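FYI, it's all coordinate maths here, none of it is from the lab. A quick note: this is a predicted structure, and the numbers were derived from the prediction, not measured. Cβ sites come from the backbone with ideal geometry, for glycine too, and all protein chains shown count toward neighbours.
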Amino acid sequence: MNEMFLMHERTIIQPFKQHKYRTFVDVGAGQGRWIFDLQENCEKIIAVEPAQFMELESNIKEWGCEDHVKVHRNVVGRQDGLKEGGLYVHEHRDYSTMLATHPERDVKYERRDTVYMKTLDDLLADEESVDLIKIDTEGYELEILHGAMDTIAKHNPMFVIECHTPFNLCMIDRLMEESHVIYSGSAYCLGHMYACKTGKG
């Protein structure tokens with residue numbers, strides 16, 4: 001992994017390492033950077049990763065935390081259903097997204113995969129506790145939030161959401177305001193913007 005990328009990831013992760021979690025939900029888990037850093041803080045981790053599924057499962061086994069990490073290969077979004085050719089897979093898997101055009105980068109995708117989409121509300125319906133949600137899906141974050149507002153209202157989790165453009169950050173702010181969700185605000189780190197809620201209050 002790129003050293004600068006890991007540096008900014010660690011900066012954002014740090015406030016969340018001060019807590020213990022019954023359930024951490026990692027959407028767009030990639031190869032598992034957040035899982036690696038928070039595995040000892042969590043009783044249970046639910047990871048969603050369609051593009052780097054095999055690499056993530058291999059890493060989880062290497063780290064010895066497969067007993068409390070569940071990986072889902074489907075995508076999450078606003079509604080349930082099959083998405084024909086819906087996942088745009090880039091040779092650099094971290095750039096894969098449900099959007100035909102990446103919000104920041106001029107990248108060409110090597111293929112389009114058909115994937116099944118669920119809402120986070122459906123995926124997490126049986127969870128007794130959801131304490132932390134992280135979303136990094138290359139511009140698709142707002143669509144995922146629309147399918148997660150019941151979960152957020154029910155569990156009042158901490159969260160960190162990467163916002164790839166100022167417009168996305170504004171739209172997430174508006175959704176949170178309309179849903180009466182109070183959160184910490186935004187963070188800016190090495191060119192990346194985040195909507196963050198670092199406490200349960």
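The calculated FRET efficiency for the pair residue 156 and residue 73, based on their C-beta separation and a Förster distance of 25 Å, comes to about 0.30.
Shown here are the Rg and Dmax of the Cα trace of segment 3-197, at 15.5, 42 Å.
Put simply, the amide H of residue 47, placed in the peptide plane, has neighbours under 5 Å in 26, 70, 71, 72, leaving out anything fewer than 5 places away on its chain. Potential lengthening of the chain between residue 173 and residue 83 amounts to 29.7 nm, from the contour at 0.36 nm per residue minus the alpha-carbon distance. Length gained on full extension, residue 94 to residue 58, computed as 0.36 nm times the residue gap minus the Cα-Cα distance: 11.3 nm. Segment 68-100 and segment 107-125 have Cα centres spaced 3 Å apart.
Radius of gyration over Kirkwood radius for segment 1-111, both on Cα atoms: the Rg/Rh ratio is 0.97. Need the list of lysines near residue 70 for cross-linking: C-alpha distance under 17 angstrom, and skip anything on the same chain fewer than eight residues off. Counting by Cα, and skipping residues close in sequence, residue 70 has these lysines nearby: 44, 61, 118, 134.
Within the same chain, lysines fewer than 8 places from residue 108 are excluded, and of the rest, those with a Cα less than 22 Å from its Cα are 83.
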